[in-house]
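Scroll down for the structure; my scribbles are underneath it.
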Amino acid sequence: MSEEQPKAEHRSSPTSTQFREFVASGWAPRSTELPERTEAAVHAGRRREALSAAHPGERIVLPAGGLKVRSNDTDYQFRPHTAFVHQSGLGADREPDAVLVLDPRSEQDGGGHEAVLYFRPLAPRESEEFFADSRYGEFWVGARPTIEHVQAELGIAARHIDGLRDALGKDGATLRVVRHADAEVAAMVDAVRQEVGVTAEQLQAEQEADAALARELSTLRMVKDEWEVGEMRKAVDATQHGFEGIIADLPEAVRRGRGERWVEGVFGLYARHEGNGVGYESICAAGDHANTLHWIKNDGEVREGDLILVDAGVEVDSLFTADITRTLPVSGRFSDAQRRVYDAVFAAQETGIAACRPGNKFRDIHAAAIRVIAEHLHAWGLLPDGVSVEDTLDADHGQYHRRWMVHGTSHHLGLDVHDCQLALREDYMDAELTPGMILTVEPGLYFKADDLLVPEELRGIGVRIEDDVVVTEDGCEVLSAGMPRSSADVEAWIARVQAEARR
Ligand code: GLY
Ligand code: MN
Ligand code: MN
């Protein structure tokens with residue numbers, strides 16, 4: 001546990017009774033208009049039914065998590081925990097400290113669960129919080145919704161967060177919590193467990209069952225329904241706009257200097273404007289920076305003649321995110337060496353995408369793509385002497401090619417950029433591909449500037465091409481098909497977008 005930071009009083013709130021009365025008065029009445037139930041909430045209801053059916057009699061506790069301190073008394077923008085988003089239908093930055101409880105109903109009451117959202121509702125204007133609380137107060141961070149508002153929006157019961165502890169302990173039902181979403185709520189659950197007689201040894205088993213719940217919730221998201229695929233289409237479309245904004249501004253990124261920052265900023269502008277924001281820190285990696293897989297410093301130059309690898313995704317308000325990479329020649333044309341590397345990665349990606357079909361397993365995507373990578377490296381004479389393609393593909397004794405593509409080719413994508421990450425190997429790597437799964441296909445080749453094993457003309461070239469696909473009945477649909485991929489098509493795309501921008 002970190003210690004509380006010592007507090008100093010540099011900010012003073014007026015405390016006189018006269019002021020309190022004054023600040024609470026003279027405001028227009030609050031609107032009592034209630035929102036419609038959101039689409040996301042309707043879909044969350046269906047998901048809760050599946051969870052409920054798997055946990056008869058258990059009280060399931062899904063925290064949104066709390067605000068995270070950025071520094072001193074300022075917080076990061078809030079991002080709710082993904083399991084909470086999935087089961088509540090709340091997205092964007094809502095609702096710090098909230099906890100969704102699925103409360104078991106007795107058999108006489110029809111069984112199943114009643115969903116209740118415990119949260120911090122709007123505080124009255126008479127409260128000190130209204131004007132004096134810089135973390136939660138209306139004067140500081142804006143008005144929060146009322147209980148009635150949330151009930152209408154989500155179509156479930158909502159109560160004040162202060163009632164959570166008593167609600168957890170009511171009738172001694174077995175508690176299950178997603179622990180890592182909120183350490184304070186996890187501690188509260190453990191305290192309640194001990195109060196109702198759970199022993200120290202039993203507590204460990206309970207906590208293991210909590211971990212199993214988190215895994216189950218992660219695995220539940222693996223096959224997306226039509227609404228979820230629709231949200232992904234929106235995320236991908238907005239991401240395309242962001243990439244086209246970058247392309248239009250590449251000359252500006254070069255001219256201004258500190259160009260990677262400019263590129264990051266341009267994408268961020270589109271992400272905030274068309275969506276909730278970026279779904280992960282954008283990677284804007286020009287020249288040799290492209291060879292650092294998660295280059296998020298983005299503090300370098302964008303130079304004519306170099307490639308810039310941009311890996312970025314817009315997340316929409318429901319928090320579904322795209323995850324797309326394009327590697328663009330800054331001056332609009334690939335050099336021969338750049339094109340050679342690019343075309344190899346493109347061939348690997350085409351093969352990986354072709355492997356995205358029911359009947360194949362998840363791991364077949366990587367196997368298909370990495371074989372093409374290995375074949376190119378072999379043809380270029382980069383593998384050690386005497387090592388054949390089959391030798392290097394040998395999982396136990398080879399893998400030399402991984403020096404130049406150390407990452408996997410694919411991952412599930414959805415509310416999290418690396419979605420379903422807690423799923424077991426048998427449900428993920430070894431699982432059959434099923435219609436509705438959304439995956440990335442993202443091979444790459446990375447030749448670092450100081451890699452003495454590659455010919456000089458390839459050093460400093462890094463290429464990744466990443467697209468998002470949804471598995472269909474007989475193959476897959478590339479959701480990001482609107483964004484050109486082949487080297488010739490990328491060149492034409494850059495020429496077209498920049499010509500339009502000049503008009
Ligand atoms: N942007 C992270 C990834 O491609 O997995
Ligand atoms: Mn990516
Ligand atoms: Mn990815």
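Restricting the first member to region 194-222 and to residues that are free of Cβ contacts under 8 Å to residues at least 24 places away in the same chain, and the second to residues that are open to solvent by less than 20 Å² (accessible area, probe 1.4 Å), no beta-carbon pair is closer than 6 Å while six or more apart or on different chains.
Scanning region 418-459 for residues being of a type outside the set (K, R), open to solvent by 20 Å² or more (accessible area, probe 1.4 Å) and more than 26 Å from V229 (Cα to Cα) gives a total of 7. Do we find a residue being open to solvent by less than 20 Å² (accessible area, probe 1.4 Å) and closer than 16 Å to V463 by Cα anywhere in region 288-301? Yes; the residues of region 288-301 include at least one that is open to solvent by less than 20 Å² (accessible area, probe 1.4 Å) and closer than 16 Å to V463 by Cα. If you go through region 396-417 and keep only what is closer than 21 Å to K448 by Cβ, open to solvent by less than 10 Å² (accessible area, probe 1.4 Å) and away from ligand 1 (no atom under 11 Å from the Cβ), you end up with H401, W404, M405. Scanning region 314-326 for residues that are out of contact with any helix residue (DSSP H, G or I) (no Cβ under 6 Å at 6 or more places or on another chain), in a loop (DSSP other than H, G, I, E, B) and open to solvent by less than 10 Å² (accessible area, probe 1.4 Å) gives a single hit, D323. The residues in region 401-441 that are away from ligand 2 (no atom under 13 Å from the Cβ), within 23 Å of P80 (Cβ to Cβ), in a loop (DSSP other than H, G, I, E, B) and hydrophobic (A, V, I, L, M, F, W, C) can be counted, and the count is 4. The helices (runs of 4 or more DSSP H) found entirely in region 138-181 that carry 3 or more residues being in contact (Cβ under 8 Å) with a residue 60 or more places away in the chain are 147-154, 164-169. Restricting region 265-313 to residues that are in a strand (DSSP E or B) and of a type outside the set (A, V, I, L, M, F, W, C) leaves a set whose member that is farthest from ligand 3 (Cβ to nearest atom) is G277.
Can you spot a residue in region 482-503 that is modelled with pLDDT under 95 and part of a loop (DSSP other than H, G, I, E, B)? The answer is yes, given that some residue of region 482-503 is modelled with pLDDT under 95 and part of a loop (DSSP other than H, G, I, E, B).
Determine if region 267-279 includes at least one residue that is hydroxyl-bearing (S, T, Y), within 16 Å of ligand 2 (Cβ to nearest atom) and under 30 Å from A44 (Cα atoms). There is no residue in region 267-279 that is hydroxyl-bearing (S, T, Y), within 16 Å of ligand 2 (Cβ to nearest atom) and under 30 Å from A44 (Cα atoms). Scanning region 198-215 for residues that are open to solvent by less than 50 Å² (accessible area, probe 1.4 Å) and farther than 9 Å from V178 by Cα returns V198, L203, E206, A209. Quick check: anything in region 379-389 open to solvent by 20 Å² or more (accessible area, probe 1.4 Å), outside any loop (DSSP other than H, G, I, E, B) and of a type outside the set (V, I, T)? Yes, that holds for at least one residue.
The values are calculated or read from the model by the stated rules, or taken from the named source; none is laboratory data. Computed from a predicted structure; not experimentally measured. Glycine also receives a Cβ, built like all others from the backbone with ideal geometry; neighbour counts cover every protein chain displayed. These area figures cover heavy atoms from the full protein model, side chains too; ligands, DNA and RNA do not enter into them. Shrake-Rupley method; radii C 1.70, N 1.55, O 1.52, S 1.80 Å.
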